Structures are given as C-alpha cells and as structure tokens.
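The values are calculated or read from the model by the stated rules, or taken from the named source; none is laboratory data. This is a predicted model, so every value here is computed, not measured. Reconstructed Cβ throughout: ideal geometry from the backbone, glycine too, with neighbour counts over all protein chains shown.
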Amino acid sequence: MDERETVGASGRLDDARFEELYSRYADDVLRVSYFYLGNREQAEDVTQDVFVRLLTAAPILKPGSEKSWLLKVALNRCRDLWRSAWARRVLVGSPTLELIPDPDDVEDSLEKRELLQAVHRLPASFREIILMYYYQEFSIAEIADILEVPEGTVSSRLSRARKKLEEMLKGSASL
C-alpha cells in the first residue's frame, strides 16, 4: 500500500477521502478540543482549522495514522489558544458543568465539577494525558503515538497527573 494513499496524485486530498475522514473523525476532534478548551464555539473553530489544514497542507499520512495526525494538530491548536493571554483571562474558572451529561444528584454533580475544574488546572502536558486516557479512552501506546513521545513518558505523566489531582482534591476537601 502506497504511503501517499491519503493524498491524491495532484498532491491534494480528493473530496471523497476528505469526506470519509471528516465523517469518521470530526466528532473525536471536536470532543478533544471541547474538553481541552471548555468552550463549544472555540472547539468548533479548532475542528474547522484542523480539517482546513488537512485540505491545504496535504500531509503524507500512512493509512491508519490519520486520527493520530488530526488529534495532534487539534491539540497543538488548543495549546496555542490556551496559552494566549486572552484565553487565560476568559477560560480559567469558567463553568464546566455543561460537560456533565446527566447529574445523578447534587453531591455527585459537585464532585464531578470539582474534578473537571481540577483537571483544567493541571499543566497542559498532564491535562492532555488525562483527557486522552480517561475521556477518549486511548491506550498508553496510542497516546504515545499521538504525542510522539515514548510510552514510558506517557505512563509517568499519567501517574504524576493522578497524584497532582489527588493532592488538589484533598486540598479542596479540607477547606
């Protein structure tokens, strides 16, 4: 199988292949972006940017690596937005209750909200790992592939992120 199969002979992605990739992965890109940013409109913008880049950059993608490439581009775009001074002023502390689909009861809802807020306060490298492992249910090997880091790095970041979350949640419980 030719490595350039994702891209047509003209160097551009053909319409049928683009439609297939969009229908298969757009929801995943949107979900990752939304969780990362906590803002539906910005997540939709990131999703659009990712697929525009797919069309314009015409990357050479091996079959089966398309999702990794799309999520990597989405995470990079989310990081750029998160780092901007405007985003820090507007997004930090924004309510994340809309991420919780069906609150069972008030106490459970508050625990979920507290957990999501703690996840959003984690450093970006930890937040990404938590997002991909627990919310997207990627394996450590898949995360390593997406982030282009060794599996051991993913495992250690996941372990550190869990410890940091535990400390954050214990600290807020004692207040």
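Summary of values
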read-out: Extreme residue, modelled with the lowest pLDDT, among residues of the stretch 39-59 that are under 16 Å from residue 80 (Cα atoms) and surrounded by fewer than 20 Cβ atoms within 10 Å (Cβ to Cβ); value: 39
read-out: Residue satisfying condition, being over 29 Å from residue 53 (Cα atoms) and at pLDDT below 80, within set 99, 110, 91, 169; value: 110
read-out: Residues satisfying the stated conditions in the stretch 124-175, i.e. under 30 Å from residue 62 (Cα atoms) and of a type in the set (Lys, Arg); value: 127, 157
read-out: Residue that is modelled with the lowest pLDDT [pool: residues in the stretch 60-86 that are surrounded by fewer than 18 Cβ atoms within 10 Å (Cβ to Cβ) and not in a loop (DSSP other than H, G, I, E, B)]; value: 85
read-out: Hits in the stretch 117-133 - residues which are buried (at least 18 other Cβ atoms within 10 Å of the Cβ) and part of a helix (DSSP H, G or I); value: 117, 118, 119, 120, 126, 127, 128, 129, 130, 131, 132, 133
read-out: Pair list, Cβ under 9 Å, 6 or more apart: the stretch 111-122 residue within 14 Å of residue 166 (Cβ to Cβ), other residue of a type in the set (Asp, Glu) and surrounded by fewer than 18 Cβ atoms within 10 Å (Cβ to Cβ); value: none
read-out: Condition broken by residue 136, with the remaining ones in (1) modelled with pLDDT of 85 or more; (2) surrounded by 14 or more Cβ atoms within 10 Å (Cβ to Cβ) satisfied; value: (1)
read-out: Which numbered condition residue 161 fails, given (1) of a type in the set (A, V, I, L, M, F, W, C); (2) surrounded by 16 or more Cβ atoms within 10 Å (Cβ to Cβ); (3) at pLDDT below 90; value: (3)
read-out: Test result for residue 149, outside any helix (DSSP H, G or I), within 20 Å of residue 76 (Cβ to Cβ) and of a type in the set (A, V, I, L, M); value: yes
